[in-house]
Amino acid sequence: MATNGEAQMAVDSTRLRVHRKKPLIYIADSKLISGPNLDRLAEENLLFISRLPGNFKLDDQLKARAWEQNDWQSIGALSRSKNADLYRSQSFEAEIEDRTYRFMYVDKAVSSGRS
C-alpha cells in the first residue's frame, strides 16, 4: 500500500519533463520527505519545496543552529492583512542520505498582537 508521499510521486514525471519549458518546482506537504521519494526526485532532477518533518533529527539540529548563529534575514509579512505578523528566516545547507539540500528556518519576528 502506498503512503501519501509515495502516491504523490506516482505522477508521470516523463510526461512532465517533456511538456515543461521552465523548471518545475514541486510543492508538497512533509509526507513527501522520505528516502524513496527523495531518491525519485533526484532521479528525475525535480526541484521541490516542502516542510522537513519533525521526525528527522536534522529538524532539531537546524533549529538549534538558527538560534546559535542568530543571523536572521527579515522577510516581512506573509499576508496582506494590516495586522499581519512579521517573519524572519535563515538558510542552511545540510545533507539527508548523502544529498545536500537547502533548508530555510522561518520564525515569527514580530507579532501583530492578535491571536
Net charge over other residues, Cβ less than 15 angstrom from the Cβ of V106 (K, R count +1; D, E count -1): +2
The range 36-93: trypsin sites (Lys or Arg not before Pro) in DSSP coil with no more than 14 other Cβ atoms inside 10 Å: R51, R80, K82
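Just so you know, all these numbers are worked out from the coordinates, no wet-lab data involved. Nothing here was measured: the structure is a model prediction, and the numbers come from that model. For neighbour counting, all protein chains shown are included, and Cβ atoms are generated from backbone atoms with ideal geometry for every residue, glycine included.
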